[in-house]
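Contents: one structure, followed by commentary.
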Amino acid sequence: MGAKLSGGGGSKFHVESNHDINVTPFVDVMLVLLIIFMVAAPLATVNVEVKLPPASVKPQPNPPKPVYISLQRNGNVYVGDDPSSLDTLGDDLRARIGARDPDQERIFIRCDKGTRYADFMKLMNKLQDNGFYSVALQGEDANN
């Protein structure tokens, strides 16, 4: 707001409102952003010219529900939530995966950190003997 110091109308203490918006700071910020983008855009491009062939990928079906094997410290084996044993592990896994191909099926192994290495290797050998070669080991997230 500004006070009217001279001129006609009203007393010398009459105050008029200033209804104009000052856009100068807005324009300054926008010009700085424009300069930043003008400098950064050429740095983000690749200068090597390559003519890429077209890619046509068939949509992939959703992966099946993962199969988990849990090995406890005392040697107990579970397929999912169901108890199993090393002797019946192959049959239990085939029943769990159904008609899917065992060679293509990924098995997730959850193992207690206090489990003996010999028990873990027996489990791995039993999986390979039954044709399950794609194995993933699951661990605890270090951030938690």
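Here are a few things to note about the model shown:
- Near pairs, Cβ below 7 angstrom, 6+ apart or cross-chain, from the range 101-121 (assigned to a helix (DSSP H, G or I)) to any residue that is modelled with pLDDT of 80 or more: Asp119/Leu71; Asp119/Gly75; Phe120/Leu71; Phe120/Cys111
- Checking Met124 against (1) at pLDDT below 90; (2) surrounded by 11 or more Cβ atoms within 10 Å (Cβ to Cβ), the condition it does not meet: (1)
- Among the residues of the range 63-77, those identified as without any contact (Cβ under 8 Å) to a residue 12 or more places away in the chain and closer than 18 Å to Tyr133 by Cα are Pro63, Lys65.
- Meets criteria (of a type in the set (Val, Ile, Thr) and either more than 30 Å from Glu140 (Cβ to Cβ) or at pLDDT below 85 (or both)) for Val79: no
Rundown of residues vs (1) surrounded by 10 or more Cβ atoms within 10 Å (Cβ to Cβ); (2) modelled with pLDDT of 70 or more; (3) in contact with a Lys or Arg (Cβ under 8 Å, 6 or more places away or on another chain), yes/no style:
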{"site": "Met1", "(1), (2), (3)": "no, no, no"}
{"site": "Ser6", "(1), (2), (3)": "no, no, no"}
{"site": "Gly9", "(1), (2), (3)": "no, no, no"}
{"site": "Ser17", "(1), (2), (3)": "no, no, no"}
{"site": "Ile21", "(1), (2), (3)": "no, yes, no"}
{"site": "Met30", "(1), (2), (3)": "yes, yes, no"}
{"site": "Leu33", "(1), (2), (3)": "yes, yes, no"}
{"site": "Ala41", "(1), (2), (3)": "no, yes, no"}
{"site": "Ala44", "(1), (2), (3)": "no, yes, no"}
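The values are calculated or read from the model by the stated rules, or taken from the named source; none is laboratory data. In this text the structure is predicted, and so the values were computed from the model without any measurement. For neighbour counting, all protein chains shown are included, and Cβ atoms are generated from backbone atoms with ideal geometry for every residue, glycine included.
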